[in-house]
Structures are given as C-alpha cells and as structure tokens.
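The values are calculated or read from the model by the stated rules, or taken from the named source; none is laboratory data. Here the structure is a predicted model, which means the values were calculated and not measured. Here the Cβ positions follow ideal geometry from the backbone for every residue, glycine too, while neighbour counts run over all protein chains shown. SASA here: full protein model, heavy atoms, side chains in, ligands and nucleic acids out. Shrake-Rupley method; radii C 1.70, N 1.55, O 1.52, S 1.80 Å.
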Amino acid sequence: MKGSSIKKKDYLAGYLFIAPPIIGFMLFSLIPIVFSLVLSFSEYDFFTGEINLIGFEGYARAIEDELFFKSLGNICIALGGVLLQIAVMLGVALLLTAKVKGVTFFRALFFIPSLCSSVAVTLVWKWVYNYDFGILNGLLTSLGLDKVGWLIDTKVAMISMIIQGIWMGIGGGMVMYIAGLKNAPRQYYEAAEIDGANAFQRFFHITLPCVSPTTFYILVTTIIGTVSDFARYKLMNNGGPDYSTLTPVLYIYQTAFTSQYGYDYTYATAMSWLTGLFIIVLVAATFISSKRWVHYSV
Amino acid sequence: MKKSIKFLSILCSLVMLFSVAACSTNNGDSTGTGGSGSGFKYKGLNIMDNLGSTTGTVSFHVGGGQVELQLWDKLIAGFEKQNPGIKVEKVTINDMDVLYTQLLSGTAPDVIQMESPDFGSWAKAGALQSVQPLVERDNFDTSDYWPQLIKMYSFDTQAGVRGGGDLFALPKDMGVNGIFVNRKLVNAAKERGDLTEEEYKLVTDQVNPMTYEQYLNVAKKLTILDPNNSEYNIYGTNRVYWESYVWSAGDDILTEDYQLNTESEVLKEVFEYSKAMVTEGSEDYCAPYTPASSASSQDEMSMFMTDRIAMYWSGRWLVPNYDAANMDYYCIPMPVVVKEDGTKGESVGWFYNIVYGVSRNCKNGEMAWKLIQYLTSLEGYRIMNELNYNVPGRMSLITEEAFANPQTNGSVLDEASANVFFNMAKTARINNAARLTSSNWIETFESKLSLYFTGEIASYEALMTSVSKQVNAAIKKSDPQLFVN
C-alpha cells in the first residue's frame, strides 16, 4: 500500500517535470496544427466566427493553382542543389582534414557564413549579384565576358539562390563531416593501401560508407531546411523575376499575409498542409532509400 | 509500424469527417447576398454601437524608427493636453501582417494605421469601422483634405467596392512622387560640355516639366558607360514610371470595364520607350534594369545616393534619407506627353500613403474618432512635419512656411522642390497596387512586363497575349462586384 503511494508520487513528480514542454507543445504547436487542419477544410470568417466547411475545395484549388505548382517546381530545382551542397561540404571537409599549416584558420573561415544572420548575408549577396555594380559581373566584364542577369534572368535566378545557399550552408555540414572523417577507422585505409587501392577507390569504398550516417543526417535536415527556407527568398527577389524564385513557403506567406492575394488565410492553410505532405514524402523517401546506402557499422 | 497505421487511420477518418460535414453544410454561397444584388454582404460593424465612453484610455497603433516614435509621443502629448480625460496607450507594431493578425484575433489597437493597398481588402472584410456616421453627426468638414484621398479611403458597403460610399479613414499624409536630381552629377555634365545650356535649363526647370522626348535626351546625356569597367558607370535615370506616361497621355492600363487595355497604343509606346532605356546596346540606353519591386527600389535608391543615377524617380517620403546622407539634390516634375494634336498632357504621378482608421474590435469609438481628428488636424500635421516626411493630408497647409520651405526644418529640399510635390499632389492618382481590393492583377502584369524588358518576351503583342487572361481573371477574382450590372 505504502509502496503504491510512493510510486504514485514518483509518477506525479515525473508528470510535473515533463508538463512544461508538453503544455508548451500543446499550446504553441499541437493546437495550432489541428486548428490549421480544420481551417484548410473550411472558409472561416475570423470576424463573425462563421465557418463554412468546404471539404477538399482548398486542396483542389491548390492542385489547380499554376503558381503553387510553379513554386513546387522551383523548390525541386533548389532540392537539386542540396546534393551539390553536400558534395561541396564533403569536399571542403576532406581538404580541411589534411595535415596542412593554418587548417584551423580555414575551418573557421568556412564556418563563419553559417554564423551570420541570413538576412545580413542575403543583403550582401544582393549586391554581389547586382547586374550593374555587382562584384561577379565586374569580374566577368574584366575577363571580357558578358554580364549575367543573376537575379533578373528567369533561367538564372534560382541557380543564383542555390549558389548563395551553398555558400551559407557549407559551415555546419563541414564541421559534421570533419568529425565523421576523423572517426573513420584508420585500419581500413591501411589495409586498402596494402591491397593497392588508389585514392579514388579508397574514397568511394571506405570514406563514403564511413560518413554515410553523417550524409544521411545532413541530407534530411537540408531537405527540410531548403523547402522551408523563407527569409532568403523573400529578401533577395521576393519570388521574382516572373515567379522563378517563388517557393511554396513564400507563396503561402504572400497568400496569408499580404494584400496581393487578399489575406486569404484558409487557402494558405491548405497549401501549408500540401507543402507539409511534400516534405513528409521527401523525408520518407530518404529514410526508405537510406537502407541501401547508409552504413552504421562499417 | 502498427502505430503509424493507426495514426494514418485517424487522420483519414478526420479528413473523411470534414468532407462529409462539407457536403452537409456548404451551400455554395460563401459571400452571402446584399441588398444591391451585387452578391456582396458587408459584415462590418456600426461604430455608433461602439462609441463607448468619452473619457478613459484609447489604444493607438504607431510604428517607425526612433525619430518617428518620438514624434508620436509629441502628438499624443498634444492630444492628451487638449483632451484631459483621455489617455492614449501607444502600441508599437511595424509589420502590417502582425497588425492584420491582431485584427483577426480582435486584439488590434483602437486606432490603427494602414497602407494604401491594405485598405481595400481590410474594409471589404469588415476589419474596419466606418467613421462616416461620426462625420455626419459632427458635420465634420473633409473639404480641406486632398479629394483623391477622401475618395480612395471610402468604401461602398452596398456595392462592395472602394472609391466611393462611406468614409473609413483619414490620411496621415499624401505620399507623392517626383524626380530627384543629383545636382553634383548634373553640374559635372554641364562642365564637361555633355549638357548644352538649353538641356541644362530643362533639367533645372522646377516649374515646367520636360516632355518625355526631352527627358530621354537629357538622361542619355547624363549617362556615362564604360563597357570594360561598370564600376564607373553613371546612369542618367532610373526606369520611368510607365503609369505616369500613360496617364499623361490620357489613357489607362485598364479599360472602363476593368479589363486589361490590350488595344492601347500608348501602353505599347511607353513600354517600348522604357525598354529601350534599360536595354544594353540600345541607342537610348540610359537606365539600369531593376524589376519593379520594393527590394529593387532599394537598390536604385542606393545607386542614386552613391552618385550612380542622376535623375531618380521616387517618393517624397524618401527626403529624410537623402537629407541624412547630406546629398545635394533638387526636384523636378514628371515629364509630360505631347499628344497627337500637339497639346501637352499633365504631369501626373501616383500616391501611396498611410491612413488612420478604427479597428473592428474598438469599443472606444468616440475617443478613437477624437484622436483621428487630432492627428489629421492642422496641429497634428504641423507636428508630423518635423520629420520632413511627406506632403500634408490637408491642402491649406502647403502655403505655411514650414511646409512650403522644408529648409526651415533643416531639410535640403528647397522651396521650389517642395512646390514640385505640391503640384504633383494635385494631379496624383492612386497607385495601381492599391486601386482594387487586391494587388495581384498588377503584380502579375509587372511580373510579365519584367520579362518583356529583359527580352524574354519578344514583343509587346506577345506580352499582352501572355498576360491579359491572367490579369483579367485576377481582377474578377478580387473584385467580382465590379462586374455586376
């Protein structure tokens, strides 16, 4: 009897300890998530409280919405850049694990962009990309080449965003790769060298499998980060030119919070859920495929 | 795995539940019906039911930087001195999206400030309370305010369209545009001999506007381009406001029945004129190409402030920025079109401003109305003018020394330049982005127009073909009431 009372007290203490995060999660995440799900199936007048359930109308509208599809297409292009970004991270990490003088300085140098505010960095890159006075076009013209409309050409604008994204995102992944590379068992390399494996063979058959858990983690977080990236796209070009850098998150924001689309909250929630679903599918596909290429016990 | 299946089942059930509920409750009439047969049902509140007490506390939405915030304090102190029984609670909000979220949740301040494009959708949604009943009760005289402002901040609650009907808001200012000229660059061009005496007279004439042809010629003369080193480039102008050209010619981008004016020869003329200005290699190349967006206008402003653009089309509200940078500038009116019969059109630009309105959740209508009256009184505008920010909302003030000569307030803007903006205010029309309930139609148009300027859309005809359906659909979607007979 006494023991049971002590157990209950223990449980109570346990519940009290976990209560703050649970209540916080309920208030600021779960309830808004459920409310947004309800909104996505309705036309809700916030002022009068009238709710008109419309079923999948909002979702059907999104599926027929050319701009929403364009924004999804744009983000797919940006996702293509994720693989390039990971390759660059790994490449830089490989260089910075070499035993050379000043390697700590270079590691810090590559990590700095990750520490900077994305707003500040984007404003700097706006000038880097400026057609008339940007440093990139200055370089091109000094080499006798034509200027590039980094931010004004619809075919180039998204590539410009990817380049800036890579530059900004290298640091975090690079640090993780350096840690992963340092943990790669030395004996594998020694055995491979004895067997006569060249550098490429060692890289593809030892290094890549050894850092595959790190790659998996970076891939998942970068996919989520890329689809939900907002500030850079808003500041750099606000989705232009001609919607070529419009992303789903930016379009959702414009729909819900600007006069451009008449503050259409309920439609924005339907698009939010579809975008969420898009992320879930991508991440699930990555998880499923990971069984083939991620090696936890190399 | 089993848990995931269970979760998915619950989710699917929820979705099914909503779908079934939708079938039973959706009558397909989401907007309701109005008495006018417009299909619009106004859901706003009557301020006479929310007058509340004549004493107590009224909340007031303010925004801006440190200097502006200090001015709000001064205005509030002035109001409280005049109305000893009323206290003003200052609520600082700098983002319109935050303000709208507060409106939706019923927690917005009593008196709010909103920008031109937001007014239409907010009034239509019932987020504001009309001050018209109080204007009528108090015989409040609105004749001293710029008439365009009174018209554009009125909303017809029967028809569901802006630009007439009940007054909902009074102006904080009259935000008009003009051409800012970098005196250093113009004088240097004259000294180099690039500008003739005649051209110099044209670009320094603050009363008589140039024609668009003369403007282009002067802009070209002010342009210095080094193909091998763009670091030293100076552009004669930024891209002209095509609306000004079209309105000066007596035409418009929309037809009278709110369709894109695809037949307009003037539109074709101005887009070709503008394209030639921004196209490298063109004989008329004299302006940097930047797409029409707020982000790009900041780029242009930086170029003007660092002596890279000689004549800069921009808003009167940017004067404090140029003053802070100690720029030597003056202003000239926007050019005019010479019509086929040889007569000149008027110099015309657009306005974009901020207005004071009463939020839907306000229960202090009486005090809110008093505060708005004070903010838009002669005294209110005089205090606000310390910022040198804009043309005042009342016409009678423009002859007062502090308004007529901003240099008395420490600005670089001289008397003649200030007068340029007063004249521009007389003819100004509402910005296209604020003309209808939503700005999507013009954003869509500008988006495609940018492709025409960069050459991705080859011809004017192709531009109009590619965009007219989308623009017309966007107008119909945001303002279906305009199409009711």
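Evaluated against (1) open to solvent by 50 Å² or more (accessible area, probe 1.4 Å); (2) modelled with pLDDT under 90; (3) closer than 28 Å to B:Tyr289 by Cα; (4) part of a helix (DSSP H, G or I), A:Thr141 falls short on exactly one condition, (1). Exactly one residue out of B:Thr437, B:Thr427 is polar (S, T, N, Q), more than 9 Å from chain A (Cβ to nearest Cβ) and either within 22 Å of B:Gln148 (Cα to Cα) or open to solvent by less than 30 Å² (accessible area, probe 1.4 Å) (or both), and it is B:Thr427. All of A:Leu123, A:Leu151 fail the test of being surrounded by fewer than 18 Cβ atoms within 10 Å (Cβ to Cβ) and touching a residue at least 40 places away in the same chain (Cβ under 8 Å), apart from A:Leu123. With the structure loaded, tell me whether A:Val249 is at pLDDT 95 or above, over 26 Å from B:Asn440 (Cα atoms) and surrounded by fewer than 22 Cβ atoms within 10 Å (Cβ to Cβ) or whether it fails that test. Answer is no for this residue.
Every test in (1) aromatic (Phe, Trp, Tyr); (2) within 11 Å of another protein chain (Cβ to nearest Cβ); (3) crowded, with 17+ Cβ neighbours inside 10 Å is passed by A:Tyr177 save one, and that test is (2). For the range A:118-165, name all the residues that are in contact with a helix residue (DSSP H, G or I) (Cβ under 9 Å, 6 or more places away or on another chain) and hydroxyl-bearing (Ser, Thr, Tyr). A:Ser118, A:Thr122, A:Tyr129, A:Tyr131, A:Thr141, A:Thr154, A:Ser160 - these are the residues of the range A:118-165 that are in contact with a helix residue (DSSP H, G or I) (Cβ under 9 Å, 6 or more places away or on another chain) and hydroxyl-bearing (Ser, Thr, Tyr). Against the list (1) surrounded by fewer than 21 Cβ atoms within 10 Å (Cβ to Cβ); (2) closer than 19 Å to B:Glu199 by Cβ, the condition B:Met305 fails is (2). Is it the case that some residue within the range A:102-110 is in a loop (DSSP other than H, G, I, E, B) and buried (at least 16 other Cβ atoms within 10 Å of the Cβ)? Within the range A:102-110, none of the residues are in a loop (DSSP other than H, G, I, E, B) and buried (at least 16 other Cβ atoms within 10 Å of the Cβ). Only residues that are assigned to a helix (DSSP H, G or I) and without any contact (Cβ under 8 Å) to a residue 40 or more places away in the chain were counted across the range A:242-298, and they come to 21.
Among the residues of the range B:100-142, write down those that are more than 10 Å from every other protein chain (Cβ to nearest Cβ), part of a helix (DSSP H, G or I) and buried (at least 24 other Cβ atoms within 10 Å of the Cβ). If the condition is that a residue be more than 10 Å from every other protein chain (Cβ to nearest Cβ), part of a helix (DSSP H, G or I) and buried (at least 24 other Cβ atoms within 10 Å of the Cβ), then B:Ala123 is the only one that fits. The single condition among (1) of a type in the set (A, V, I, L, M); (2) assigned to a loop (DSSP other than H, G, I, E, B); (3) closer than 30 Å to B:Tyr374 by Cα that B:Val240 does not satisfy is (3).
Looking across the range B:360-386, just one residue is open to solvent by 30 Å² or more (accessible area, probe 1.4 Å) and of a type in the set (A, V, I, L, M, F, W, C), and that is B:Leu378. Exactly one residue out of B:Val412, B:Val484 is in contact with a helix residue (DSSP H, G or I) (Cβ under 7 Å, 6 or more places away or on another chain) and open to solvent by 20 Å² or more (accessible area, probe 1.4 Å): that is B:Val412. Consider the range B:324-352 and keep the residues that are in contact (Cβ under 8 Å) with a residue 12 or more places away in the chain and over 24 Å from B:Trp146 (Cβ atoms). The one that is surrounded by the fewest Cβ atoms within 10 Å (Cβ to Cβ) is B:Asn326. Would you say A:Ile166 is open to solvent by less than 30 Å² (accessible area, probe 1.4 Å), away from chain B (no Cβ under 14 Å) and either closer than 30 Å to A:Ser71 by Cβ or not aromatic (Phe, Trp, Tyr) (or both)? When the stated conditions are applied, A:Ile166 passes them. Go through B:Phe180, B:Phe155 for me and flag whichever is over 30 Å from B:Ile234 (Cβ atoms), at pLDDT 95 or above and either out of contact with any strand residue (DSSP E or B) (no Cβ under 8 Å at 6 or more places or on another chain) or buried (at least 23 other Cβ atoms within 10 Å of the Cβ) (or both). Within the list B:Phe180, B:Phe155, the selection yields B:Phe155. Across the range B:448-464, the number of residues qualifying as of a type in the set (Ser, Thr, Tyr) and free of Cβ contacts under 8 Å to residues at least 12 places away in the same chain comes to 1. Do you know which of the residues in the range B:55-91 that are of a type in the set (Val, Ile, Thr) and modelled with pLDDT of 95 or more is nearest to the chain's Cα centre (by Cα)? Looking at residues that are of a type in the set (Val, Ile, Thr) and modelled with pLDDT of 95 or more, I get B:Val62.
Checked against (1) open to solvent by 40 Å² or more (accessible area, probe 1.4 Å); (2) touching a residue at least 12 places away in the same chain (Cβ under 8 Å); (3) assigned to a helix (DSSP H, G or I), B:Thr262 passes all but a single condition, namely (3).
A:Ser36 meets each of the listed conditions (1) within 14 Å of chain B (Cβ to nearest Cβ); (2) over 19 Å from A:Gly276 (Cβ atoms); (3) open to solvent by less than 80 Å² (accessible area, probe 1.4 Å); (4) in contact with a Ser or Thr (Cβ under 8 Å, 6 or more places away or on another chain) apart from (2). With the structure loaded, tell me whether A:Leu53 is without any contact (Cβ under 8 Å) to a residue 60 or more places away in the chain and of a type outside the set (D, E, K, R) or whether it fails that test. Judged against the criteria, A:Leu53 is a match. Scanning the range B:192-208 for residues that are under 29 Å from B:Asn321 (Cα atoms), open to solvent by 60 Å² or more (accessible area, probe 1.4 Å) and in a loop (DSSP other than H, G, I, E, B) turns up at least one hit. Selection of first residues in the range A:30-47 that are over 15 Å from A:Met271 (Cβ atoms) and assigned to a loop (DSSP other than H, G, I, E, B) and of second residues that are aromatic (Phe, Trp, Tyr) and open to solvent by less than 70 Å² (accessible area, probe 1.4 Å), restricted to Cβ pairs under 8 Å at least 6 apart or on distinct chains, gives the following pairs, ordered by first then second residue: A:Phe46/A:Tyr265. Going through (1) within 24 Å of B:Asn321 (Cβ to Cβ); (2) crowded, with 18+ Cβ neighbours inside 10 Å; (3) touching a residue at least 24 places away in the same chain (Cβ under 8 Å); (4) not polar (S, T, N, Q) one by one, B:Val471 falls short only on (1). Is it the case that the range A:29-42 has a residue that's closer than 30 Å to A:Ser160 by Cβ and either at pLDDT below 90 or among the β-branched types (Val, Ile, Thr) (or both)? No: the range A:29-42 contains no residue that is closer than 30 Å to A:Ser160 by Cβ and either at pLDDT below 90 or among the β-branched types (Val, Ile, Thr) (or both). For the range B:255-268, the condition of being among the charged types (D, E, K, R), at pLDDT below 95 and within 30 Å of A:Gly138 (Cα to Cα) holds for none of the residues.
Within the range A:220-236, which residues are within 12 Å of A:Gly165 (Cβ to Cβ) and either within 14 Å of another protein chain (Cβ to nearest Cβ) or in a loop (DSSP other than H, G, I, E, B) (or both)? If the condition is that a residue be within 12 Å of A:Gly165 (Cβ to Cβ) and either within 14 Å of another protein chain (Cβ to nearest Cβ) or in a loop (DSSP other than H, G, I, E, B) (or both), then A:Asp229, A:Ala231, A:Arg232, A:Tyr233, A:Met236 are the ones that fit.
Return yes when A:Ala284 is within 25 Å of A:Trp150 (Cβ to Cβ) and open to solvent by less than 50 Å² (accessible area, probe 1.4 Å) and no when it is not. No: the conditions fail for A:Ala284.
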